[in-house]
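Just below is one structure, and these are the notes that go with it.
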Amino acid sequence: MKNPIVSIIMGSDSDLKVMNKAAEILDEFSVEYEKTIVSAHRTPKRLFSFAENAHDRGVEVIIAGAGGAAHLPGMVASISPLPVIGVPIKSSNSIDGWDSVLSILQMPGGVPVATVALDGAKNAGLLAVQILSVSNKKLQSAILDYKKQLNDTVMEKVKKLES
């Protein structure tokens, strides 16, 4: 793997099915990434090391998925200078996903976490690409093309429905 500029982390391998949606988007835009498990509760030393060093390794955006109490995105954001995108995951020990959503969404002032919808890793991947596109014209052009394709797809459906 080349130097990853996005890090996809999750609290458990049970989150992988959801978090792979972010990886698929990053693949679509040819953005280098890494994927690993960093548990806020089971591997706190790993969490601290990861969050303290990600920017020194060249990572520019972190996508952090977590279910249940969902402390991973917020804890990483409290340590790392990088933008963190939180993906709340409806897990087996979840209260219909709301605990995860609120744990990631309700961050205290000074510790921002961009939060996407429950199981919304696809949008997390797209947001990461958009963040990177601010300083990368090639990615910005690719995002514009992607949005045009979204528009064209809907307009085709409109045309079909109205005919």
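Which of Thr36, Thr115, Thr153 moves most in a GNM of the chain, Cα contacts under 10 Å?
Fluctuation is largest for Thr153.
In degrees, nearest 10, range 0 to 90: what is the angle between the Cα axis of helix 121-133 and the longest Cα principal axis of the chain?
Compared with the principal axis, the helix lies near 80 degrees.
Measure off 7 Å from each Cα along the Cα-to-Cβ vector at Ser78 and Glu28, then give the distance between these two points in nanometres to one decimal.
About 3.4 nm, to one decimal.
Would you kindly calculate the mean projected area, averaged across all directions, of the convex hull enclosing the Cα atoms of segment 6-136, in square nanometres? Spell out each step's value before the answer.
Details: hull surface 28.3 nm².
Across all orientations, segment 6-136 yields a mean hull projection of 7.1 nm².
Please rank Tyr146, Tyr33, fewest neighbouring Cβ atoms within 10 Å first, as an exposure proxy. Mind dumping the intermediate values first?
On the way: Tyr146 16, Tyr33 21.
Least crowded to most crowded, the residues run Tyr146, Tyr33.
Under Stokes-Einstein, with the Kirkwood radius over Cα pairs standing in for Rh, what whole-number D in µm²/s applies to segment 1-83 at 4 °C and 1.567 mPa s?
So the translational diffusion coefficient is about 102 µm²/s.
With r defined as the distance between the Cβ atoms of Ser141 and Phe48 and R0 fixed at 30 Å, what FRET efficiency is calculated, to the nearest 0.05?
With a Förster radius of 30 Å, E is 0.20.
Relative to the longest principal Cα axis of the chain, at what angle does helix 137-162 sit, 0 to 90 degrees, rounded to 10?
50
Mean separation of Cα pairs under 8 Å and 6+ residues apart, divided by the residue count of segment 6-136: what relative contact order is that in percent? All intermediate terms of the calculation are to be shown ahead of the outcome.
Numbers: 272 pairs, mean separation 35.8, N = 131.
Result for segment 6-136 is 27 percent.
Could you line up Arg46, Arg57 from fewest to most neighbouring Cβ atoms inside 10 Å? Intermediate results must be reported in sequence, preceding the final value.
Working: Arg46 15, Arg57 12.
Result, fewest neighbours first: Arg57, Arg46.
Under 5 Å between amide H atoms, partner at least 5 residues away or on a different chain: which partners does Val87 have, H built in plane at 1.01 Å?
Ala64, Gly65, Ala66
For the chain, set up a GNM with springs between Cα atoms under 10 Å and report which of Asn136, Asn93, Asn151 has the largest fluctuation.
Sorting by GNM fluctuation, first place goes to Asn151.
For Ser135, Ser91, Ser49, what ranking results if the residue with the fewest other Cβ atoms within 10 Å of its Cβ goes first? Spell out each step's value before the answer.
Details: Ser135 9, Ser91 21, Ser49 13.
Listed from fewest to most nearby Cβ atoms, that is Ser135, Ser49, Ser91.
Counting Lys and Arg as +1 and Asp and Glu as -1, what is the net charge of the other residues whose Cβ lies under 15 Å from the Cβ of Lys17? List each step's numbers first, then the result.
Values: positive: Lys21, Lys35, Lys90, Lys122; negative: Asp13, Asp15, Glu24, Asp119.
Its environment carries a net charge of 0.
Which of Pro81, Pro108, Pro44 moves the most in a Gaussian network model of the chain with Cα springs under 10 Å?
Pro108
Every number in this text was worked out from the coordinates using simple rules, so none of it is lab data. Keep in mind it's a predicted model, so treat the numbers as computed, not measured. Ideal geometry is used to build each Cβ from the backbone, glycine not excepted, and the neighbour counts take in all protein chains shown.
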